[in-house]
Amino acid sequence: MYILFEGIDTCGKSTQIELLAKNIPDLIITKEPGGTAFGVKAREILLADSLASKRAELLLFLADRAEHYQEMIKPNRDKVVVSDRGFISGIGYALANGDFDFEELVRLNRFALEDHFPDKVILFLTDLDTLKERTTAKTLDGIELRGLEYLLEVQEHMKQSIIRLQIPHLFIDATDSIENIHQSILTYLKV
């Protein structure tokens, strides 16, 4: 089973993935970008926000996604694979950057993922106050420096994309307690 944990930074995905790993002994954990050797290099470029072209940024994400699928997802389809981010984030950020069409983004992602979307998506939804509180406690990367309103716009695009694509999903209130969120995820995944 291929499961995406999606959401903007500081929403609690990583914490919940760590907790889930304690309940699923053979869980394979990966991330986009950065789950492969190529992804590590791509992540450095993307988080530096050094590309002038949003098309170049999109294509780098798609190249990472194709490599990630080939190396991490496809060989492990018979196992439980959790990815910290994936194509839903890719679509959300691309739509927030403007100049991109939803259907075209879906087509490009289908190509990168060899027509295999995840089996389930868990989307962590936060609010402006929580986002302000959590981002003040860390050093922001280039993408986060685009602003909190930008991040919330990305989040809304992620949510609407999941709904439009009709992928089985769970929307999580990221402002809830860590334990309540964990129990909701366990119940949803039937672990």
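The values are calculated or read from the model by the stated rules, or taken from the named source; none is laboratory data. Because the structure is predicted, anything quoted here is derived from the model rather than measured. Cβ placement follows ideal geometry from the backbone for every residue including glycine, while neighbour counts extend to all protein chains displayed.
Report, by residue number, each residue of region 139-180 that is among the charged types (D, E, K, R), part of a helix (DSSP H, G or I) and either at pLDDT 95 or above or surrounded by 14 or more Cβ atoms within 10 Å (Cβ to Cβ) (or both). Spell out the reasoning first.
Within region 139-180, the subset among the charged types (D, E, K, R) is 141, 144, 146, 149, 153, 156, 159, 164, 173, 176, 179.
When the remaining residues are screened for being part of a helix (DSSP H, G or I), the result is 144, 146, 149, 153, 156, 159, 164, 179.
Result: 144, 146, 153, 156, 159, 164, 179.
Filtering region 71-94 down to residues that are over 14 Å from the mean Cα position of the chain (by Cα), assigned to a helix (DSSP H, G or I) and in contact (Cβ under 8 Å) with a residue 40 or more places away in the chain, which residue is nearest to residue 27 (Cα to Cα)?
Step by step, filter region 71-94, then rank; the result is 76.
Yes/no per residue for (1) outside any loop (DSSP other than H, G, I, E, B); (2) touching a residue at least 12 places away in the same chain (Cβ under 8 Å); (3) within 17 Å of residue 157 (Cα to Cα):
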residue: 51; (1), (2), (3): no, no, no
residue: 58; (1), (2), (3): yes, yes, yes
residue: 69; (1), (2), (3): yes, yes, no
residue: 96; (1), (2), (3): yes, yes, yes
residue: 115; (1), (2), (3): no, no, no
residue: 123; (1), (2), (3): yes, yes, yes
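Do we have any residue at all in region 78-93 that's under 20 Å from residue 162 (Cβ atoms), modelled with pLDDT under 90 and either of a type in the set (Asp, Glu) or crowded, with 16+ Cβ neighbours inside 10 Å (or both)?
yes
Only one of (1) free of Cβ contacts under 8 Å to residues at least 60 places away in the same chain; (2) of a type in the set (Gly, Ala, Ser); (3) out of contact with any strand residue (DSSP E or B) (no Cβ under 9 Å at 6 or more places or on another chain) is not met by residue 34, so which one is it?
(3)
Would you check if there is a residue in region 30-52 being out of contact with any helix residue (DSSP H, G or I) (no Cβ under 6 Å at 6 or more places or on another chain), of a type in the set (Ser, Thr, Tyr) and farther than 22 Å from residue 110 by Cα?
Yes.
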